[in-house]
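Take a look at the structure set out below.
The values are calculated or read from the model by the stated rules, or taken from the named source; none is laboratory data. From a predicted model like this one, the values you see are computed outputs, not experimental measurements. Glycine also receives a Cβ, built like all others from the backbone with ideal geometry; neighbour counts cover every protein chain displayed.
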Ligand SMILES: [Zn+2]
């Protein structure tokens, strides 16, 4: 490129946009170092086409036309660029889906576990057999209140051979806005919740099944009416069942 020939404007634009070969770039760099006219043209296009430029440029009408033409010419690569947000959106959705899957898996294993748990529950009048209370192999544990909102007392009878566990508790509050929920807690900290049915401040619950020997803790807490999936309210009592 001799000094007599100025750089074509289109080449300057491609130079700014990085569309030229390395050799073409060198040619333009060498020319603009010596030619103030092309240097100025390069500076103008650099300001216009590089959005990160902090210089406030007000292109002339003819310049605007050229930019518009340039954008039209670049329409195909621009559409390619446009797909990126869509691709990102798909990748984002997949990530969210995977996250939800991982997040939900431990929660779905809890119902699975409790579905495998085998025991039945009887309340108050449904309990017809009291023999657990008098059997010599039955272990008796005292219920003591740990709360300041109530003052419960009672006993828990456990008989592994019978596969039975009886809870008898009194001093329960009769609240319209809360339910007492009994929590049968396994060693791996999974648990099963059972609402207490209260009659005159008392409740009896008989648990019958092979899981009785597995329970590590029994506790009761105040929960929103209808009960919770996990204990959320203040505890009324906690009894350790360990041997
Ligand atoms: Zn020149």
Top-ranked residue in the stretch 211-225 [being surrounded by fewer than 18 Cβ atoms within 10 Å (Cβ to Cβ) and free of Cβ contacts under 8 Å to residues at least 40 places away in the same chain; ranked as farthest from residue 189 (Cα to Cα)]: 214
If residue 167 satisfies every condition in (1) surrounded by fewer than 16 Cβ atoms within 10 Å (Cβ to Cβ); (2) touching a strand residue (DSSP E or B) at 6+ places or on another chain (Cβ under 6 Å) but one, which is the exception? (1)
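Take residue 31 and decide whether it is surrounded by 10 or more Cβ atoms within 10 Å (Cβ to Cβ), part of a helix (DSSP H, G or I) and either at pLDDT below 70 or within 16 Å of the ligand (Cβ to nearest atom) (or both).
yes
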Consider only pairs whose beta carbons are under 8 Å apart and that are at least six residues apart or on different chains; among these, list those whose first residue lies in the stretch 13-38 and is in contact (Cβ under 8 Å) with a residue 12 or more places away in the chain and whose second residue is more than 15 Å from the ligand (Cβ to nearest atom) and in a loop (DSSP other than H, G, I, E, B). 16/50; 17/74; 28/20
